[in-house]
Amino acid sequence: MKKNCNQCKKEFEAKDELDLFCSQDCKEEALAALDNDSDECLSCQ
């Protein structure tokens, strides 16, 4: 199943419908971006 990465927007082959990122790097970048938007670190909660 082809999907576009939520972070870099490149097309990739998703393993399942929950697979939103083409790589672990993109996933971590997206999480870091979420952390930047909030007062509290999401991974610390």
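Numbers below:
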{"read-out": "Meets criteria (under 13 Å from the mean Cα position of the chain (by Cα), at pLDDT below 95 and surrounded by 10 or more Cβ atoms within 10 Å (Cβ to Cβ)) for residue 20", "value": "no"}
{"read-out": "Residues of the stretch 1-14 that turn out to be without any contact (Cβ under 8 Å) to a residue 12 or more places away in the chain and loosely packed, with under 13 Cβ neighbours inside 10 Å, as a count", "value": "2"}
{"read-out": "Failed condition for residue 10, given (1) at pLDDT 95 or above; (2) of a type outside the set (Gly, Ala, Ser); (3) over 14 Å from the mean Cα position of the chain (by Cα)", "value": "(3)"}
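The values are calculated or read from the model by the stated rules, or taken from the named source; none is laboratory data. The shown structure was predicted, so the numbers you read here are calculated from the model rather than taken from an experiment. Glycine gets a Cβ as well: all are built from the backbone with ideal geometry, and neighbour counts include every protein chain shown.
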